[in-house]
Amino acid sequence: MFIFDACHNGCVTTDKLDAASMMILAIFGVMILIAIFALITRLYNICYPYLSKHINADRIAHWRAVLSFRRPRRFRDERDEDDDEMDYETIRLLSLVPSISVVVDEDGEVLRTGPAAYRLGVVADDRIVDEQIARAVDDVLRDGGKRSLEVVTQTCPQYVDPMVDAVEARERGDESWQGGGDSLSRPNWLEVTVGKLSKTMAVVLINDVSEERRFAQVRDDFVANVTEQLLKPTRELEILGRHLEDDEVDIDRIMIGASLVHGYAEHLGRLVSDLLLLIKAQGRIVPDDDNRIDLLEQVNAAVAEMRDEARDAHVRLVVKGGEGLTVNGDADQLKGAFVKLVQNAIEYSPQNSSVGIAVGTAKDGKYAMVRVIDQGCGIAKEQQSRIFERFYRGDNQTSRTRDGVGLGLAIVKHVALTHHGSVSVWSAPRKGSTFTFVLPLAKPGQ
């Protein structure tokens, strides 16, 4: 009996222990699941800015709602339900709007947006970084209504194609390398409308009008800077016409006038060609199989076009490397940019010197580089940040460059940007200059 009772009591004790253990394990399992979910939520919040740059915002919103804890509908009060429905309907509505949209809460945190807002320099680290837009959001949340404004931003650095040589130069501690600012990216002109979605949320609608503004700017520059160039040959033609009307024709004066008119006509023709190339370079190249071109072929074509000018200036042109490098682009634009770089080097080089054109790849193997190296007078450091501006003329002009209008390097810059590349310069007084034109190599099947 004693043995039976002992066994019976032992079995009961064991059953109680098993039940307690199972309960502890169940509680421990629930705690682990909660911890895992908290970890996933934390990782999601950390990764959300990066995910939103590459994944459709509507898709993110859908999965965010699916994965989040939501109160059962019967336990939600009216405000909870309205806010939740508004959130869902709003994001779906915004996905249909052609403008770039950013949804912001009362704390200034960006709740929904897409990669374009990051690229345009409006959003960074889940916050609106443009001060004008941020103030407009605060005003709308406080006072209601809507605000319309125009802002100019710079493209976020991580969306600008890397300057291979600028990075290498910084690693060498070379402060003479100019690659930042306007020489690497274009400004973004944005039309912005800010409206109120709810008591705690506002929406920012962004219309990127950069292309239209750039074309308008080229047009305005044409009117402002080319008018004088058009008046010069007109005046000479008037003078030549008066000489021809004289009863006593002076052949020498007529020959001089005709020579001046001929020179102005050639100059005007080059100016018009440059402006047309500059206008063409305002678009963007979309890589595909139809625009794959051999880079060295375009460089050689540009050098061949400049051989006569180099010979007249007693400057030797030397091309090295670059066989088999393929890029996506417009052949005429690239050739035109290389012509401008070589022409610039010739014009600033002393007689009996050489201009080197080196074609190769960057260390990472993803970019092609065309370097144009001269032994000229160099460029002062304070002027290097402006040499890529349209119609900018530096102080170091020579007899061969005095008649230029300052479009050459602006064309080079815009052709580089149009081809998803960049251009930079290293230079120092009396040490010559090196211009580096960087282009992404064509990818297989592209």
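The values are calculated or read from the model by the stated rules, or taken from the named source; none is laboratory data. Values in this document were obtained by computation on a predicted structure and should not be read as measured data. Cβ sites come from the backbone with ideal geometry, for glycine too, and all protein chains shown count toward neighbours.
Observations on the structure shown:
- Residue selected from region 247-304 under the condition in contact with a His (Cβ under 6 Å, 6 or more places away or on another chain) and within 21 Å of ALA368 (Cβ to Cβ), by the criterion surrounded by the fewest Cβ atoms within 10 Å (Cβ to Cβ): ILE285
- Of all residues in region 290-306, those being more than 14 Å from VAL342 (Cβ to Cβ) and in contact with a helix residue (DSSP H, G or I) (Cβ under 7 Å, 6 or more places away or on another chain) number 1.
- Only one of the numbered conditions (1) at pLDDT below 85; (2) surrounded by 14 or more Cβ atoms within 10 Å (Cβ to Cβ) is violated by GLN333, and that is (1).
- Among residues of region 398-421 that are over 16 Å from MET369 (Cα atoms), those with a beta-carbon under 8 Å from a residue that is among the acidic types (Asp, Glu) and at pLDDT below 90 at least six positions away or on a different chain give the pairs VAL405/ASP274; GLY406/GLU389; LEU407/ASP274; GLY408/ASP274; ALA410/GLU389; ILE411/ASP274.
- Beta carbons closer than 6 Å, at least 6 apart along the sequence or on distinct chains, pair a first residue in region 298-319 that is in the same structural domain as ARG371 (by TED's automatic domain parsing) with a second that is assigned to a loop (DSSP other than H, G, I, E, B) for HIS314/GLN351; HIS314/ASN352; VAL315/SER349.
- Flag if VAL123 is farther than 17 Å from MET201 by Cβ and free of Cβ contacts under 8 Å to residues at least 24 places away in the same chain: no
- Test: residue in region 347-354 that is at pLDDT below 95 and buried (at least 22 other Cβ atoms within 10 Å of the Cβ): yes
- Looking only at region 218-239, and only at residues there that are more than 14 Å from ALA265 (Cα to Cα) and surrounded by 12 or more Cβ atoms within 10 Å (Cβ to Cβ), the one that is modelled with the highest pLDDT: ILE239
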